[in-house]
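First the structure, in the form of structure tokens, and then the observations on it.
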Amino acid sequence: MSDRQFVIPIGPQHPALKEPTSFYFTVDGEVVVDVEPRIGYNHRGIEKAMEVRNYIQNLYITERVCGICSNAHQTAYTGAVEEAGGIEIPERAKYIRVLFHELERIHSHLLWVGVAAHEIGFDTMFYYVWRDRELVMDLLEEISGNRVNYAIPTVGGVRRDISKDNFPRWHKVLDALAERTNYYIKVASTEQTILDRAIGVGYLSKEDMIRLSGVGPNARCSGVPCDTRKTAPYLLYDEIPFEHIYVDNGDVLGQVLVRVLETLEAVKICKWVLDNIPEGEIAVKFNPMQKLPEGEAVYIVEAQRGELIHYTISDGRNMPYRHKIRAPTLGNIPSLVERLKGGYIADIPITLAGIDPCFSCTDRMVFYDEGKDRSWVWDEEQLRRYGLEWYKK
Amino acid sequence: MGRGAATQIRIGVVQEMSLITTLIAALVFPGLSFILTYSLYAQWIKRKAAARLQNRIGPLHTGWQGILQPLADFIKLLVKEDITPAEANKPVFNAAPLFIFALPLAATFLIPIQSITNLWAWDAVASFEGDLIMVLFLMSITVLAIFLAGWSSGNLFGAVGATRVAFMMLAYEIPLGLVAIGPAILARSLSISRIVDWQVASFNAFLTAPNIWGIVTAMVLFIGAVIYTVCLLAELEMKPFDMSEAETEIVHGWQVEYSGKKLALLNVGHDVKMVLAAALLTSLFLGGPAGPVLPPVVWFIVKTTFCVFIISNLSVLFARFRIDQLISGAWRYLVPLAVLQVMAVVAISGVI
Amino acid sequence: MSIENQTKVVKELVNVFGEENVTDTKVPRLYRAFATVKREVFRDVVKYLKEKHGFVHIVTISGVDMKDRYEVVYHLRSEGFNMNLKVPVPKDDPKVPSITDILNGAVLYEREVNDLLGVYPEGHPDPKRLILDYDWPEGVHPLRKEWDIQTLRQKVDGQKWGKDVE
Amino acid sequence: MAMERELLSSLFKKPATLKYPFEKLEPPKGLRGKHEYDGDKCIGCALCARVCPSFAITLKGGPGPKCTGLTVDLGKCLFCQQCEEVCPRDAIWLTTAYELAVLKKEDGILNFDRTPPPPPTPAKKEG
């Protein structure tokens, strides 16, 4: 390190990061030379916790791996468990799962557009996008009973049915969403300050992206056609007509484009589901204490942030022997580091936000404090005293 | 504004002032107390306007429509714990907020607002030939104080913010000065009061005998006002030029280590600076506190409120620029435009 | 891509590397294949798959404690086709050859397995801790089955974990 | 400048923000909120406690007929509605009450009581 370079720590607590993680940036003036990521601040031991809960309880644990892609995790989890246990789910359940998968994609992508606008200092767009995102949030809350953790897929089907009477109204909401998304596409493509901050920022070529195994919109913006819904269709995606979206910009603008265009596609898929859903049962019975036969299964879905894999091993009990989750963000960190190198300090937030990082997903395994051999909680008074003592030094 | 109303405008004359009136002018009205109260009001206008433009409510519960919220925030910050980092250069770190607060405040004393002996006349607390230069000088010195504040805090983000402030000054200081000279050339005076007088006189003359040169002058000055507003946004470190405190990049830039009383001072200092910016915009381009029927101070409040609204609107309209984009943009567009504007002003002043 | 093609790829693997090195192959459904690969030939298998069949994408690496051995599962992908290579690792010698130089994307996953299961990737360019804290005790790997939550909980606050769980 | 028109039109529109404690949003019908319990229907089968993913439900007095009610720790609860789904007698269900903030941790624990049925008569034992 020459004397002109210094290290800027970003995180674990930093306004550009919505979740705790840490990056050490070596900068030369305003230019980033090297990056060292450090994750694990949000490590909750979910994979270990799943080994002592039965398959129904784990449903809700997987949902809480991540707040935004809760339904994607559940879809992957139920898919893996059903595949390992040889359970066939009813046709109608598949439609409802797809509906939620796509509604969640709309809400997640709109959320991302808002966050990205905030990262480049465009708070106004952030407020407006999040206001309009309430449309889909309200829709999800109405169908599932919760804004974030829908708890809709269950082993053997889905938990709540949808009523035909509401379809005309939902169609209207989806139309409104498409209209607003189109408006934001227009804003993003005509507002010069946004283009200045997005074009050429955090560029990564297709070859590098393939080499570093990037996933999701992060890879598709560099021209890698890697949408699992197209390459290895699951649920109903081989029947649904929709576009495989990828652009070869390779920069933040490409990420914006991929996400907003995918939002429009997701609206289309939702409308298709509402038009084509068959009547019938929504779930086959699965007892909470039911045992699964021995076996293993890999289930890969396309979450909003990219390919999400659940790998489950059953040893014949009513709880998994081992359940492995790999969230998309972990797969995107190597390419993110490449994207950050050579950029400006000012571009760090938007490049970081560009992969739509979700470190809750990424850190998910074990918590145990070995040295102390006990757990404890501090109350306010103790915290205050600790703070005072710290400052006396 | 009708012709009859316009003729009612009286031109302020420097009154003979006793010591007591001078003290009252400096400390109460239109000096210290008025400016402080007014700057809190301006902060409320800024916040409320930004909130409404963003389809939010904004301050609401403290006072009518939350008008006392800035005061409440100020008091809250006063009672908060005041931390000086161990790494900081303590004398500089402690003194910088005072300068950041006091320098813009001193500059507002040179803005003509209201004479306290004559309800229908305007007058600044202190007015002398060349006070425009003094105001610009005080504004530049404030930037130096800001730089020292960030640099002395011993924080990496503070240091980055401080260097960015200094870089930004390179970008906006020159067009800011150039454009401010335009009205001064036309008024053939470097005194803000004289510039206001000239604006009123020429406006009245225009109303009695409209001619093409009046319109041309107004258009050239309008371009100047636009450039000036852009530079003021950078001076105030508001979006799209808030890269010196950009919270998503460098947390809060040069302010990052300030807390408690010092942060309260910094915030009020920022508001005073905003009032100063709006007042300068008013004085140089909008005819200052002059207006029909109502006393000057009312016109001053109306016009500066309008300016604060414009600033607030502009600051919610754009994404943040990068520091290199600001500098290259300023030197590529703003500086040549400002030079052209000054040349046009010189040409016009030769004609009229 | 059809299931016949996938079966062919797996068969080819067995033919090229020998039945003693590639065992337990199965193709349960479209886009999925499993195979157990000996540690000695594992790097060559990955190289072969990358060059011959376009398995350039590594999805993740899972570490499993199978009681008598550890198993490191490499989930590779070519387009949609997902190949899962299991590499058994004996408990007294928990090491696997690193494949980061073949598939660059594996760099973090190998560190993760090293952290949580304690299977060291030999030849990894930067085998630092990834998830666990730097002052986490050496040789403690949470995903090993001896780190049982029941006993752990008892150790922490003397309670049985999960009142009614079997 | 792309959003200026939208911004100015917002000046004359009602803000999107709800003045929350003063005006409240009607929750949708299916919202998963606070628990409700009917002691007369409960048979103390403990299914809800066994299925709860976060072990938020405890049976007072143990499972079976001697059960005297439930405690539900809302601090632990995930509001997944699995307890309602699994209950064979519909004795526990989720309402749409969503204002669950409390000042003390202990106030967040719902306490439901149930009069246990009279001990089985000797005649029943014989049968």
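Okay, here's what the table says:
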| item | result |
| --- | --- |
| Qualifying positions in the stretch D:77-111 - over 11 Å from the mean Cα position of the chain (by Cα), assigned to a loop (DSSP other than H, G, I, E, B) and not aliphatic (A, V, I, L, M) | D:Cys87, D:Pro88, D:Arg89, D:Asp90, D:Glu99, D:Lys104 |
| The listed residue being touching a residue at least 12 places away in the same chain (Cβ under 8 Å) and in a helix (DSSP H, G or I), out of A:Val224, A:Val173 | A:Val173 |
| Members of the stretch C:116-128 found to be more than 10 Å from C:Gly63 (Cα to Cα) and crowded, with 19+ Cβ neighbours inside 10 Å, listed by number | C:Pro121, C:His124 |
| Members of the stretch C:114-166 that are closer than 30 Å to D:Cys52 by Cα, at pLDDT 80 or above and not in a loop (DSSP other than H, G, I, E, B) | C:Leu116 |
| Top-ranked residue in the stretch B:71-91 [being aliphatic (A, V, I, L, M) and surrounded by 15 or more Cβ atoms within 10 Å (Cβ to Cβ); ranked as nearest to B:Ile195 (Cα to Cα)] | B:Leu71 |
| Any pair with Cβ under 9 angstrom, 6 or more apart, that starts in the stretch A:181-199 at a residue that is without any contact (Cβ under 8 Å) to a residue 12 or more places away in the chain and ends at one that is among the polar types (S, T, N, Q) | A:Asp196/B:Gln325 |
| Residue check, A:Ser213 among the small types (Gly, Ala, Ser), within 13 Å of another protein chain (Cβ to nearest Cβ) and free of Cβ contacts under 8 Å to residues at least 24 places away in the same chain | no |
| Every pair of residues 6+ apart whose Cβ atoms lie under 8 Å, when the first sits in the stretch B:205-228 and is under 16 Å from B:Pro183 (Cα atoms) while the second is exposed (fewer than 12 other Cβ atoms within 10 Å of the Cβ) | B:Trp213/B:Val351 |
| Residue in the stretch B:216-237 that is among the charged types (D, E, K, R) and farther than 19 Å from B:Met169 by Cα present | no |
| The stretch C:118-140, residues that are among the hydrophobic types (A, V, I, L, M, F, W, C), more than 21 Å from A:Pro328 (Cα to Cα) and either without any contact (Cβ under 8 Å) to a residue 12 or more places away in the chain or within 12 Å of chain A (Cβ to nearest Cβ) (or both) | C:Trp136, C:Val140 |
| Failed condition for B:Gln69, given (1) within 14 Å of chain D (Cβ to nearest Cβ); (2) under 23 Å from the mean Cα position of the chain (by Cα) | (1) |
| Of all residues in the stretch C:28-56 being assigned to a helix (DSSP H, G or I) and β-branched (Val, Ile, Thr), the one that is farthest from C:Gly105 (Cα to Cα) | C:Val45 |
| So C:Tyr48, is it touching a Leu at 6+ places or on another chain (Cβ under 7 Å) and either aromatic (Phe, Trp, Tyr) or modelled with pLDDT under 90 (or both) | no |
| Test: residue in the stretch B:256-278 that is of a type in the set (Asp, Glu) and more than 20 Å from the chain's Cα centre (by Cα) | yes |
| Hey, A:Ala219 touching a residue at least 24 places away in the same chain (Cβ under 8 Å), within 12 Å of another protein chain (Cβ to nearest Cβ), surrounded by 24 or more Cβ atoms within 10 Å (Cβ to Cβ) and in contact with a strand residue (DSSP E or B) (Cβ under 8 Å, 6 or more places away or on another chain) or not | yes |
| Criterion (at pLDDT 80 or above, on the phi > 0 side of the Ramachandran plot and out of contact with any strand residue (DSSP E or B) (no Cβ under 6 Å at 6 or more places or on another chain)) met by exactly one of A:Gly29, A:Gly86, A:Gly45 | A:Gly86 |
| Test result for B:Val293, among the aliphatic types (A, V, I, L, M), more than 14 Å from chain A (Cβ to nearest Cβ), farther than 23 Å from B:Asp131 by Cα and not in a helix (DSSP H, G or I) | yes |
| Options C:Thr7, C:Thr25: the member that is within 14 Å of chain A (Cβ to nearest Cβ), on the phi < 0 side of the Ramachandran plot and not in a loop (DSSP other than H, G, I, E, B) | C:Thr25 |
| So A:Ser213, is it surrounded by fewer than 18 Cβ atoms within 10 Å (Cβ to Cβ) and among the small types (Gly, Ala, Ser) | no |
| The stretch C:93-112 residues that are at the interface with another protein chain (Cβ under 8 Å from one of its Cβ atoms), paired with ones that are aliphatic (A, V, I, L, M) and part of a helix (DSSP H, G or I) (beta carbon under 8 Å, 6 or more apart) | C:Leu103/C:Val46; C:Leu108/A:Leu330; C:Leu108/A:Ile333; C:Tyr109/A:Leu330; C:Glu112/A:Leu330 |
| Exclusive hit being modelled with pLDDT under 85, more than 15 Å from the chain's Cα centre (by Cα) and farther than 30 Å from B:Gln341 by Cβ, set B:Ala121, B:Ala162, B:Ala149, B:Ala126 | B:Ala121 |
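The values are calculated or read from the model by the stated rules, or taken from the named source; none is laboratory data. Please read all numbers here as calculations on a predicted model, not as lab measurements. Positions of Cβ are generated from backbone atoms using ideal geometry, with glycine treated the same way; all protein chains shown enter the neighbour counts.
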